[in-house]
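Below is one structure, written out as structure tokens, with a few remarks after it.
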Amino acid sequence: MLPMIARAQDPAIEFVDDLADKIISNVLTANVSRDVKLERFRSDFTAALDLKQIGQFVLGVYWRKATAEEKDAFLKSFMDFTTKVWADRFDMYQGQKIVFNGVRNADKNQYYVNSTIENNPPVEVIWRLKQKDGQYRIVDIVVEGVSMAMSYRNEYSSFLQTNGGSVAALAKELQTKSDNFKWTEK
């Protein structure tokens with residue numbers, strides 16, 4: 001087990017806390033349309049992610065086989081769809097408090113920030129961060145033990161296996177899902 005450091009001033013915790021505060025104030029509690037909320041969320045969320053690393057992990061061996069154009073198309077459609085899914089999940093926010101429980105250093109530049117969303121029942125969220133050149137980026141979010149990156153990898157690997165390994169077909173499928181996305185009714 002990795003040692004826990006429970007310091008409120010830890011830079012990894014500050015990064016996630018600042019992101020959560022920004023999304024809550026600029027998106028979730030802002031008195032603006034859903035379209036404006038989505039664009040604000042997209043801006044904040046994509047700036048906080050290491051999209052290329054996530055995309056490489058999610059595609060696994062298919063990343064190495066894909067052309068530069070296929071990689072770009074996949075990353076764009078993956079982000080479009082993922083942003084809508086996560087914006088919809090965050091849109092259910094109703095003032096719950098996020099409590100940061102500490103940070104674990106996985107290696108010299110990987111960190112796990114442990115948090116709990118005070119809900120009934122509480123929801124455990126672990127933010128996996130990568131630090132490069134003094135900047136933190138999210139490479140995975142684990143909610144109640146379920147890894148976002150691993151879930152996407154499993155789902156997309158299955159799609160790729162049944163579609164001849166075509167990253168272009170996956171990108172098209174994700175863009176179709178994004179274009180047809182239905183918001184959860186409140």
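None of the figures in this text is laboratory data; all of them are computed from the coordinates on show. What you see is a predicted model, and the numbers here were worked out from it, not measured in a lab. In this analysis, Cβ positions are derived from the backbone assuming ideal geometry, glycine residues included, and neighbour counts consider all displayed protein chains.
Quick one: pull the percentage of alpha-carbon pairs in the stretch 46-86 with a separation above 12 Å.
Summing the P(r) of the stretch 46-86 above 12 Å gives 59 percent of all pairs.
Return the FRET efficiency for the residue pair THR46, ASP21: r is the Cβ-Cβ distance, R0 is 25 Å, and the value is rounded to the nearest 0.05.
It comes to 0.90.
Under a crude label model (7 Å from the Cα following the beta-carbon direction), how far is LYS172 from GLU155 in nanometres?
Distance between the two pseudo-spin positions: 2.0 nm.
List the residues, sorted by chain then number, that are 5 or more residues from GLY165 or on another chain and whose placed amide H is less than 5 Å from its amide H.
So GLY165 has HN proximity to no qualifying residue.
Using the crude model of +1 on Lys and Arg Cβ and -1 on Asp and Glu Cβ, and no other charge, please compute the dipole size for the chain relative to its Cα centre, in debye to 20.
In total the dipole reaches around 320 debye.
Between ILE141 and GLU39, what is the label-to-label distance in nm when each label sits 7 Å out along the Cα-to-Cβ direction?
2.2 nm
Is the stretch 4-64 rounded, prolate or oblate when judged by the Cα gyration tensor, a ≥ b ≥ c being the square roots of its eigenvalues, rounded requiring a/c under 1.5 and prolate requiring a/b larger than b/c?
oblate
Considering amide H positions built from the backbone, and no H for Pro or chain starts, which residues 5 or more places from ASP10, or on another chain, come under 5 Å of its amide H?
Distant-sequence amide H within range of ASP10: zero hits.
Can you give the percent of C-alpha pairs in the chain whose distance is more than 27 Å?
31 percent
What are the radius of gyration and Dmax of the stretch 11-104, computed over its Cα atoms and given in Å?
Cα radius of gyration and Dmax of the stretch 11-104 are 15.4, 45 Å respectively.
Could you tell me which chymotrypsin sites (Phe, Trp or Tyr not before Pro) in the stretch 79-186 are loop residues by DSSP with no more than 11 other beta carbons within 10 angstrom of their beta carbon?
Here the chymotrypsin sites (Phe, Trp or Tyr not before Pro) that fit, given the DSSP loop and packing criteria, are TRP183.
Looking only at the stretch 49-66, which residues have a backbone nitrogen under 18 Å from a spot 7 Å from the Cα of ALA106 in the C-beta direction?
Flagged as within label range: 49-61.
Using a simple spin-label model with points 7 Å from Cα along the Cα→Cβ vector, what separation in nm is obtained for ASN119 and THR162?
It works out to 2.9 nm between the two label points.
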